[in-house]
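Working notes, beginning with the structure itself.
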Amino acid sequence: MANILMLALSAILIENFVFVKFYGICPFLGVSQKVETAVGMGLAVTFTMTIASALTWPVYHFILVPLELEYLETIAFILLIACLVQFIEMFLQKSIPSLYSALGIYLPLITTNCAVLGVALLNVQEGFNFIESTVYGFAAGLGFLLAIFLLALIRERIEFARIPKSFRGVPIALIAGGLLALAFSGLRISL
Amino acid sequence: MSEKKPPSVKEIFRDGLLDRNPIFVQLLGMCSTLAISTSVLNGIGMGLSVTFVLILSNLFISVFRKAIPSKIRIASYIVIIAGFVTVVDMLLQAFIPSLASSLGLFIPLIVVNCLILARAESFASRHGPLPSLVDGLAMGLGYTVALVIISAIRELLGNGTLLGIRVLPDAYSPAVLVISPVGGFLILGALIALVEWIRRLQRKKKEG
């Protein structure tokens, strides 16, 4: 139990998916202009990463391993993730339309978020069991949510700052992301 | 998909290397750019892997563009791309295991590199096989050149070496921060701003 808690905590803070592992940079830069949408995207990604981790584990261990098709993991996982995202989209549209309209445009983007495929492949590489995989997926998603939320907070303030024209948009977001990463690396040293 | 008149080879190369450079102008494929640009060798390896996948996926998708139903085209593209990525992954593990281990998960993650899907959707699905192949080559080379520039700066400042060979005098104590994730963010941000500044100067010149 303590092990799993440590695993989760380290995935959120110390080995943060965005700042340390560089997964999910595209949505991190692309959807972080406003706090509201950033949080929406973060929640959707966390949700997808948790379910994707829980689903890819049995697919790998009960289908690919017995058939000795481990080398097809990338293809199998990305297909599974694409179907999962499609399914989540349809489910939300039918049952929680308010959340669906809030996340609407970001949902299809999640398929090509490398954090989702990344966590599925990492679970296999690290040899996690089912519970560890699911918890790791959830925690890594929370780490992404934290990162995109913090960057969106900063970018909302930057909107009003007089920065050089060439730095507007993505460059200043990258610089702000770098400073956040610096802060997060401090956590790693002190622990 | 409406068929468009293919641009000339020269235009395609100009687009890929300069005007619409995947990293500096289109800002695509940032994850792998930031993660693996710690040494020039990694940059070249990643760039060429992406180029290989991009050429083949562009060619393949262009050949089958009329057979793929438009409703499930994105899923079809992803499966085609994932197939070629698996090929690259296995080739690297078999022949250059050291590179495969230093690039790690970012080789399989080429599947979700937005650059490849973007070229499939915006070029290969609207043009014939030959221009699509050239476009894959040009965009891939543009990606590689940009990666090499970023990783050369990071390796030189952070390690004092280029391609593993000591370039700066021993008196230079390397700025390790540049190799760390923090340096990746800061240097890429500064480089994109620099490119934007040059582009703005050019535009001003054109307007007189």
### Summary
Of the residues in the range B:50-92, those that are within 21 Å of the chain's Cα centre (by Cα) and either at positive phi or among the small types (Gly, Ala, Ser) (or both) come to B:Ser57, B:Ser62, B:Ala82, B:Gly83
### Summary
Filter the range A:166-189 for residues that are more than 7 Å from chain B (Cβ to nearest Cβ) and more than 25 Å from B:Val176 (Cα to Cα); the one that is surrounded by the most Cβ atoms within 10 Å (Cβ to Cβ) is A:Gly169
### Query
Somewhere in the range B:93-116, is a residue within 18 Å of the chain's Cα centre (by Cα), away from chain A (no Cβ under 12 Å) and over 16 Å from B:Cys31 (Cα atoms)?
yes
### Message
Tell me yes or no: at least one residue of the range A:115-124 is of a type in the set (Val, Ile, Thr), within 14 Å of chain B (Cβ to nearest Cβ), open to solvent by 10 Å² or more (accessible area, probe 1.4 Å) and within 19 Å of A:Phe77 (Cβ to Cβ).
### Response
yes
### Task
Could you grab me the full set of residues in the range A:16-40 that are part of a helix (DSSP H, G or I), under 16 Å from A:Ile154 (Cβ atoms) and away from chain B (no Cβ under 14 Å)?
A:Val35, A:Glu36, A:Thr37, A:Ala38, A:Val39
### Task
Filter the range A:129-165 down to the residues that are in a loop (DSSP other than H, G, I, E, B) and within 14 Å of chain B (Cβ to nearest Cβ), then identify the one that is nearest to A:Gln33 (Cα to Cα).
A:Ile163
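The values are calculated or read from the model by the stated rules, or taken from the named source; none is laboratory data. Because the structure is predicted, anything quoted here is derived from the model rather than measured. Cβ atoms come from the backbone with ideal geometry, glycine included; neighbour counts cover every protein chain shown. Side chains included, ligands, DNA and RNA excluded: accessible areas come from the protein's heavy atoms. Shrake-Rupley method; radii C 1.70, N 1.55, O 1.52, S 1.80 Å.
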